[in-house]
């Protein structure tokens with residue numbers, strides 16, 4: 001339970017005194033019964049602009065400069081070689097998305113880690 005002192009604004013700490021839970025301010029000493037405390041709820045919705053949600057992949061990039069792998073099979077033509085690159089498409093604490101482009105047919109697909 002989190003409660004701020006109504007007198008000085010400091011954080012109050014829960015203590016058990018004679019079998020009862022009280023909240024005590026460590027700065028000014030103010031005490032109150034924990035049952036009188038009003039719950040504090042804080043929430044914040046993050047709004048992203050259209051620009052922040054847009055992923056731009058330049059079609060004019062020379063794919064021959066990208067690394068290749070033979071660890072994948074193209075789902076369109078079955079070829080076993082593709083260019084690959086990574087893009088952070090989700091939250092920063094999640095792994096990036098790996099994109100592939102088949103060296104034979106040019107099909108592009110993605111793989112989430």
Sole exception among (1) surrounded by 11 or more Cβ atoms within 10 Å (Cβ to Cβ); (2) closer than 30 Å to residue 87 by Cα; (3) at pLDDT 70 or above for residue 45, by number = (1)
Give just the number: which of (1) modelled with pLDDT of 75 or more; (2) not assigned by TED's automatic domain parsing to the domain that holds residue 98 does residue 80 not satisfy?
-> (2)
Filtered residue count, the stretch 72-89, keeping only those that are more than 23 Å from residue 62 (Cβ to Cβ) and out of contact with any strand residue (DSSP E or B) (no Cβ under 7 Å at 6 or more places or on another chain) = 2
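The values are calculated or read from the model by the stated rules, or taken from the named source; none is laboratory data. Keep in mind that what you see is a predicted model, and the values were worked out from it rather than measured. For neighbour counting, all protein chains shown are included, and Cβ atoms are generated from backbone atoms with ideal geometry for every residue, glycine included.
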